[in-house]
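Trainee: To start, I am sharing the structure in question, which I have written as structure tokens.
The values are calculated or read from the model by the stated rules, or taken from the named source; none is laboratory data. None of the values given here were measured: they were computed from a predicted structure. As a convention, Cβ positions derive from the backbone with ideal geometry for all residues, glycine included, and neighbour counts pool all protein chains shown. Surface accessibility is based on the protein's heavy atoms, side chains included, excluding ligands, DNA and RNA. Shrake-Rupley method; radii C 1.70, N 1.55, O 1.52, S 1.80 Å.
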Amino acid sequence: MSVIKEVIDKVKQTDPDQPEFHQAVQEVLETLEPTVKRHPEYVKAKIYERIVEPERSVIFRVPWVDDKGNVQVNRGFRVQFNNAIGPFKGGLRFHPSVNLGIMKFLGFEQTFKNSLTTLPMGGAKGGSDFDPKGKSDGEVMKFCQAFMRELYRYIGAEVDVPAGDIGVGAREIGYLYGYYKKIRNEHTGVLTGKALEYGGSLIRPEATGYGTTYFAAEMLATRNLDFKNKIVAVSGSGNVAQYAVEKVTEMGGRVITLCDSSATIVDEKGIDKKKCEFVMELKNIKRGRIKEYADKYKCVCVEGLNVWDVIREQGIKVDIALPCATQNEIDGRNAQALVKNGCICVAEGANMPSTPEAIEVFQEKKILYGPGKAANAGGVSTSGLEMSQNSLKLSWTREEVDNRLLIIMKSIHKACLDTAEAYDRKGDYVTGANIAGFTKVARAMLAYGVV
Ligand code: NDP
């Protein structure tokens, strides 16, 4: 039996209740098969076995008191997956679906993504099953403080640097950082995604959405195409989705969809700059539901379905798809429908938004398919730039950071294509991203010996 299959089987047997982690491991490891033959030293050093095991996973109790004076208890996580090439780095997710398997899938993916960025960052992920939706600012603050009261033991500017993810935006990072600063009495770059006033970087809020769009533009350019006059479907309506809409519109595309976990809106006229500003205010300040967009702009709103279900059910024509909501949002049926409706390019703003069946459809039909670990790496890259600025005690201009982001996205795109070609899989971004990300981490692990 191949070592790859043995490792995948062992992961499934050891932790049978972690389907998302199995999916991520299988997706990555299967594409690493060609490295087994070329690098017997990896096999001998058991790199494949070691790379699927987190360095450590911490699970902790988060007790806090709500506005009514009731005690609430949530569960906190930090999975420090791999620090072979730099300090642990990866976001915090606050969402009721958070569990150890989801944290492990995200930390595992993050390890390869961070390696691809060319910056020295290891992989980690953390979060809680706490749901910020419907909570007052005071309750969110109390929860963040209780969460940091335990998390602070495990993180540090040279150790592990968390950032935002689903449910953790500027407000939450502010509360988390403020509390860390209070209890440690130090002002260091221990979190990224900070506001400008206390050590943040320009372009960090925009970086994931912008980066995904830059990556998609690079992919399109390989077929002499661009965003001009293309119809674009974006899912989600949070941080990544908002800035993807902004950049696509700037590049001449017409975004016609958004969603949240309650509804999807379809605006055939396009979500222009003004409408995008409305979404930002609705989601980031009023914390409202996307349905309110349809009420204001009198467009289609379908409750209970995500963007990809609506596109399939209504036969909507789409040229480019940017899934920016959550994992496994595009299944095989929806992928078939997307291709049938004219989609030529999928670039993933979210982490693992396409199921294995969906990826198979995209690859079989030979449309451009950019996996999340490459296409959405702009967020963590700019977090890396925020860390650099914190270390230098300098702030770069908006243009400088944006320019570096663009250069990084182009270099990730090139690394994917070059590596895919070197392994006889020309144009296969999945294989290219996985092998390129893996190789740097594997080499570092090999250099350290058995630790
Ligand atoms: P946000 O919390 O800002 O936004 C998430 C959006 O997705 C919300 O609109 C949310 O709706 C929607 N959503 C969540 N679950 C579902 C669902 N099951 N069906 C439909 N819509 C859903 O998160 P981000 O924008 O930061 O993250 C989005 C994705 O991008 C995640 O996969 C994340 O891991 C990934 N990512 C984020 C990075 C970052 O820098 N922020 C970096 C790299 C990847 P609702 O408001 O109802 O919850």
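Trainee: Could you list, in sequence order, the residues of the range 177-209 that are farther than 22 Å from PHE88 by Cβ and among the hydrophobic types (A, V, I, L, M, F, W, C)?
Mentor: The answer is ALA195, LEU196, LEU202, ILE203.
Trainee: Just name the residue that is farthest from SER237 (Cα to Cα) out of those in the range 351-362 that are within 16 Å of the ligand (Cβ to nearest atom) and open to solvent by less than 10 Å² (accessible area, probe 1.4 Å).
Mentor: Here the answer is ALA358.
Trainee: If you don't mind, there's one more thing I want to ask. Condition (residue is touching a strand residue (DSSP E or B) at 6+ places or on another chain (Cβ under 9 Å), part of a helix (DSSP H, G or I) and not assigned by TED's automatic domain parsing to the domain that holds GLY211) applied to the range 386-404: is it met by at least one residue?
Mentor: Checking the range 386-404: at least one residue is touching a strand residue (DSSP E or B) at 6+ places or on another chain (Cβ under 9 Å), part of a helix (DSSP H, G or I) and not assigned by TED's automatic domain parsing to the domain that holds GLY211.
Trainee: Only one of these is within 11 Å of the ligand (Cβ to nearest atom), surrounded by fewer than 22 Cβ atoms within 10 Å (Cβ to Cβ) and free of Cβ contacts under 8 Å to residues at least 60 places away in the same chain: ARG289, ARG254. Name it.
Mentor: From the options ARG289, ARG254, the qualifying one is ARG289.
Trainee: Go through (1) open to solvent by 30 Å² or more (accessible area, probe 1.4 Å); (2) closer than 19 Å to VAL28 by Cβ; (3) part of a helix (DSSP H, G or I) one by one and return the number of the condition GLN336 breaks.
Mentor: (2)
Trainee: While we're looking at this one, here's another question. Filter the range 369-394 for residues that are in contact with a helix residue (DSSP H, G or I) (Cβ under 6 Å, 6 or more places away or on another chain) and away from the ligand (no atom under 16 Å from the Cβ) and give the result.
Mentor: Once the filter is applied, which keeps residues that are in contact with a helix residue (DSSP H, G or I) (Cβ under 6 Å, 6 or more places away or on another chain) and away from the ligand (no atom under 16 Å from the Cβ), the range 369-394 yields only TYR369.
Trainee: Could you check the range 164-191 and list, in sequence order, the residues that are away from the ligand (no atom under 14 Å from the Cβ), part of a loop (DSSP other than H, G, I, E, B) and open to solvent by less than 30 Å² (accessible area, probe 1.4 Å)?
Mentor: If the condition is that a residue be away from the ligand (no atom under 14 Å from the Cβ), part of a loop (DSSP other than H, G, I, E, B) and open to solvent by less than 30 Å² (accessible area, probe 1.4 Å), then GLY189, VAL190 are the ones that fit.
Trainee: Can you give me the number of residues within the range 90-125 that are of a type in the set (Lys, Arg) and more than 12 Å from the ligand (Cβ to nearest atom)?
Mentor: 1
Trainee: Take the conditions modelled with pLDDT of 95 or more, more than 16 Å from the ligand (Cβ to nearest atom), over 23 Å from MET352 (Cα atoms) and not assigned by TED's automatic domain parsing to the domain that holds THR212 and apply them to GLN80. Does it pass?
Mentor: For GLN80, the condition - modelled with pLDDT of 95 or more, more than 16 Å from the ligand (Cβ to nearest atom), over 23 Å from MET352 (Cα atoms) and not assigned by TED's automatic domain parsing to the domain that holds THR212 - is not met.
Trainee: For GLU218, state whether it is open to solvent by 70 Å² or more (accessible area, probe 1.4 Å) and charged (D, E, K, R).
Mentor: Answer is no for this residue.
Trainee: In addition: Among residues belonging to the range 426-451 that are without any contact (Cβ under 8 Å) to a residue 40 or more places away in the chain and outside any helix (DSSP H, G or I), point out the one that is nearest to GLY372 (Cα to Cα).
Mentor: LYS426
Trainee: Are there any pairs, at least 6 apart or on different chains, whose C-beta atoms fall under 6 Å, with the first in the range 363-382 and open to solvent by less than 10 Å² (accessible area, probe 1.4 Å) and the second within 9 Å of the ligand (Cβ to nearest atom) and basic (Lys, Arg), and if so, which?
Mentor: LYS373/LYS113; ALA377/LYS113; THR382/ARG204
Trainee: Would you call ARG38 in contact (Cβ under 8 Å) with a residue 12 or more places away in the chain and either open to solvent by 50 Å² or more (accessible area, probe 1.4 Å) or touching a helix residue (DSSP H, G or I) at 6+ places or on another chain (Cβ under 8 Å) (or both)?
Mentor: no
Trainee: Next up: Name the residues in the range 109-149 that are over 20 Å from THR212 (Cβ atoms) and surrounded by 24 or more Cβ atoms within 10 Å (Cβ to Cβ), would you?
Mentor: GLY122, ALA124, GLY126, GLY127, SER128, PHE130, PHE143, CYS144, PHE147, MET148, listed by residue number.
Trainee: Tally up the residues in the range 23-75 that are within 30 Å of CYS144 (Cα to Cα), small (Gly, Ala, Ser) and more than 21 Å from the chain's Cα centre (by Cα), please.
Mentor: 1
Trainee: With respect to SER128, determine if the residue is modelled with pLDDT of 95 or more and within 13 Å of the ligand (Cβ to nearest atom).
Mentor: no
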